[in-house]
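Below is one structure, written out as structure tokens; the observations come after it.
The values are calculated or read from the model by the stated rules, or taken from the named source; none is laboratory data. If you're wondering where the values come from, they're calculated on a predicted model, not measured in any experiment. Here the Cβ is made from the backbone with ideal geometry for all residues, glycine too, and neighbour counts use every protein chain on show.
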Amino acid sequence: MVLLASKIIKTILIGKGNVGESFINLLYEKNNYLNQKLGIEIKVIAIFEIDGALIDDDGINLKEIIESKENFRELKYWNKGVLAKDKIKELNADILIETTPTNVKTGEPAITHIKEALKSNKDVISSNKAPFYLKYHELEKLAKDNNRLMRFEATVGSAIPCLAMEELLNGNIIEGIYAILNGTSNYILSRMTSEGISFEFALKEAQELGYAEADPTLDIEGYDAAGKLVILANKLMGWNKTIDDVEIQGISKIKNQVVELAKSEDVLVKHLAIAESDKLIVEPRLVKKDSPLAINGTLNVVQIKTRYAGDIILTGRGAGGNEAASAIINDLLYIVSRRFSN
Amino acid sequence: MIILEALLKDQPGSLIEFLKPISENGGNIFGIIHDHNKKKNNLIPVHVTFELHEELLKTNLPKIREALEEKGIKISKLTQELAQQEMKVILWGHVFESDIVNTVKRIAEKGARVSEIRAKLLEVKDESSALLTIELPVSIDKETILDTIQQICKEKNLLLFKSE
């Protein structure tokens with residue numbers, strides 16, 4: 001990649017939660033490398049939180065932000081009450097990075113943030129899934145109409161580059177996807193299988209280890225996996241689906257006996273997300289022990305069924321702040337390479 | 001796979017004459033057993049297995065029969081053994097109380113056969129799980145059978161676990 005010398009790229013970060021903070025840390029760690037190797041300097045000119053924003057048109061000192069920890073509102077950059085939706089348009093930035101928590105029903109305020117950015121000539125990166133399983137094509141069209149780039153690798157499988165497969169497999173045809181897209185439900189089923197414990201016990205264990213939320217509904221009832229499946233199918237196979245098109249069955253009704261019976265036949269019960277023959281399904285299925293889908297613990301796996309090369313399998317950690325942040329940096333470099341290279 | 005059995009006269013060239021209609025109608029012969037030790041009344045039993053492309057089955061299998069009969073060959077067996085496929089499903093709920101015989105029969109009505117049932121049982125009143133091994137000819141789409149099972153499960157309030 002040949003870039004113009006010392007190109008400054010200005011970014012806006014929305015959300016200073018786990019992913020947002022991990023992104024700040026990783027960017028701070030990598031900025032020197034990016035500068036020396038690629039001749040770019042990524043500046044963060046605004047960081048929005050729910051009650052205000054840190055803003056500096058010349059670039060916020062990331063070290064200060066990291067060191068301030070929870071006390072960032074006391075920094076000189078803090079503007080109380082300034083909200084992203086009102087400010088995005090007027091900020092002079094190249095890329096908007098959306099990391100707010102997912103609102104499963106409305107996708108807001110992330111959808112508004114993304115739309116505002118695209119309409120004001122900013123490329124977009126998002127780790128927030130809801131906009132893409134609720135309004136994928138509307139946002140894609142808006143990006144295209146405004147000649148903007150939009151990347152959201154972190155929304156599915158976190159650092160696993162499954163959405164990048166669209167470009168990497170351009171010479172092939174993707175005919176189906178079989179995947180495990182939720183680490184929490186996979187952890188629970190893995191523990192039920194290996195330890196013979198009940199669903200309730202495995203869930204409690206997952207919560208104690210921080211793998212499951214206090215309210216685990218979205219994970220165990222398949223809604224989280226369904227959202228990711230929609231994004232995968234739309235992006236990799238050009239489908240036009242929303243989460244309402246997914247047939248969803250959770251894992252909370254699975255009893256030990258079923259897992260034990262399956263195990264005695266050398267098969268495992270796995271919560272699969274399947275996109276095939278114009279159908280989207282998330283449900284527990286029986287998977288052979290030697291199948292690439294027979295992964296354990298909190299891992300994710302995506303099995304891409306191609307017409308000319310059989311199955312291509314990607315696996316890895318599907319969640320976590322650092323994992324998502326590394327996917328965001330990848331998206332950032334993708335945009336930089338398209339926008340600013342010679 | 002098609003199995004053809006007939007009785008041939010013990011005379012030179014009769015086996016060649018017998019095989020001609022098979023090859024002329026597109027049959028690919030896999031094996032021939034022509035056992036002189038079993039000769040009775042000057043007739044020798046011959047057992048041939050051959051394959052006929054699916055598209056030719058309807059048109060050419062009757063032609064083979066016709067041609068052999070015209071040659072005066074007595075056919076004792078001409079059957080098509082369908083290649084089988086297998087799938088496994090697990091049912092959870094009141095699998096037995098909700099009439100498992102009826103479940104098996106309804107699957108059979110669609111052309112598949114439940115060849116094995118393995119179950120985990122607690123008390124009679126409790127829910128149970130059963131793993132069904134189902135055999136079906138390759139000509140029947142697995143999805144058709146799974147749709148039927150899904151429908152049965154819906155009616156009987158059972159949870160269905162399909163294979164990957």
What number goes with the only condition from (1) more than 14 Å from chain A (Cβ to nearest Cβ); (2) within 28 Å of the chain's Cα centre (by Cα); (3) of a type outside the set (Lys, Arg); (4) outside any loop (DSSP other than H, G, I, E, B) that B:Glu155 does not pass?
(2)
Filtering segment A:250-281 down to residues that are part of a strand (DSSP E or B), of a type in the set (D, E, K, R) and over 22 Å from A:Thr298 (Cβ atoms) yields A:Glu276, A:Lys279
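Would it be correct to say that B:Lys20 is on the phi < 0 side of the Ramachandran plot and under 28 Å from the mean Cα position of the chain (by Cα)? I'd like the intermediate steps shown before the answer.
Values: on the phi < 0 side of the Ramachandran plot: yes; under 28 Å from the mean Cα position of the chain (by Cα): yes.
When the stated conditions are applied, B:Lys20 passes them.
How many residues does segment A:303-325 contain that are aliphatic (A, V, I, L, M) and part of a strand (DSSP E or B)?
First pass over segment A:303-325, keeping only residues aliphatic (A, V, I, L, M): A:304, A:309, A:312-314, A:319, A:324-325.
Now drop any that are not part of a strand (DSSP E or B), which leaves A:304, A:312-314.
Qualifying residue count for the region: 4.
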Which of the residues that make up segment B:1-14 are within 20 Å of B:Leu43 (Cβ to Cβ) and under 28 Å from the mean Cα position of the chain (by Cα)?
B:Ile3, B:Leu4, B:Glu5, B:Ala6, B:Leu7, B:Leu8
Out of the residues in segment A:101-138 that are buried (at least 24 other Cβ atoms within 10 Å of the Cβ) and hydroxyl-bearing (Ser, Thr, Tyr), state the one that is farthest from A:Tyr334 (Cα to Cα).
A:Tyr133
For a quick check of your reading of the model, give me the residue pairs whose first member lies in segment A:284-299 and is facing another protein chain (nearest Cβ under 7 Å), whose second is in a strand (DSSP E or B) and aromatic (Phe, Trp, Tyr), with beta-carbon atoms closer than 8 Å and at least 6 apart or on different chains.
A:Pro284/B:Phe161; A:Arg285/B:Phe161; A:Leu286/B:Phe161; A:Leu293/A:Tyr178
Provide a single number: the residues in segment A:192-220 that are not in a helix (DSSP H, G or I) and not acidic (Asp, Glu).
9
Looking only at segment A:263-279, which residues are buried (at least 23 other Cβ atoms within 10 Å of the Cβ) and either over 15 Å from A:Ser190 (Cα atoms) or more than 9 Å from every other protein chain (Cβ to nearest Cβ) (or both)?
A:Leu268, A:His271, A:Ala273, A:Ala275
Restricted to segment A:139-164 and to residues being over 19 Å from the mean Cα position of the chain (by Cα) and either in a helix (DSSP H, G or I) or in contact (Cβ under 8 Å) with a residue 60 or more places away in the chain (or both), the residue surrounded by the fewest Cβ atoms within 10 Å (Cβ to Cβ) is A:Asp145
Part of a strand (DSSP E or B), in contact with a Pro (Cβ under 8 Å, 6 or more places away or on another chain) and either among the polar types (S, T, N, Q) or touching a residue at least 40 places away in the same chain (Cβ under 8 Å) (or both) - does that describe any residue in segment B:78-99?
yes
Here is a check on your reading of the model: is B:Leu132 within 12 Å of chain A (Cβ to nearest Cβ), surrounded by 14 or more Cβ atoms within 10 Å (Cβ to Cβ) and closer than 12 Å to B:Val95 by Cα?
yes
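Only one of A:Ile24, A:Ile8, A:Ile12 is at pLDDT 95 or above and more than 17 Å from A:Pro109 (Cα to Cα). Can you tell me which?
Working: A:Ile8 fails: at pLDDT 95 or above; A:Ile12 fails: more than 17 Å from A:Pro109 (Cα to Cα).
The conditions single out A:Ile24.
Restricting to segment B:135-152, name every residue that is under 21 Å from A:Lys255 (Cβ atoms) and away from every other protein chain (no Cβ under 12 Å).
Within segment B:135-152, the first condition is being under 21 Å from A:Lys255 (Cβ atoms), and the residues that meet it are B:149-150, B:152.
Selection gives B:Ile149, B:Ile152.
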Expected single match for at pLDDT 95 or above, in the same structural domain as A:Lys255 (by TED's automatic domain parsing), surrounded by fewer than 18 Cβ atoms within 10 Å (Cβ to Cβ) and not aromatic (Phe, Trp, Tyr) among A:Glu200, A:Glu213 is A:Glu200
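Results for (1) within 14 Å of chain B (Cβ to nearest Cβ); (2) out of contact with any helix residue (DSSP H, G or I) (no Cβ under 8 Å at 6 or more places or on another chain), shown as yes or no for each residue.
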residue	(1), (2)
A:Gly210	no, yes
A:Asp224	no, no
A:Leu232	no, yes
A:Asn256	yes, no
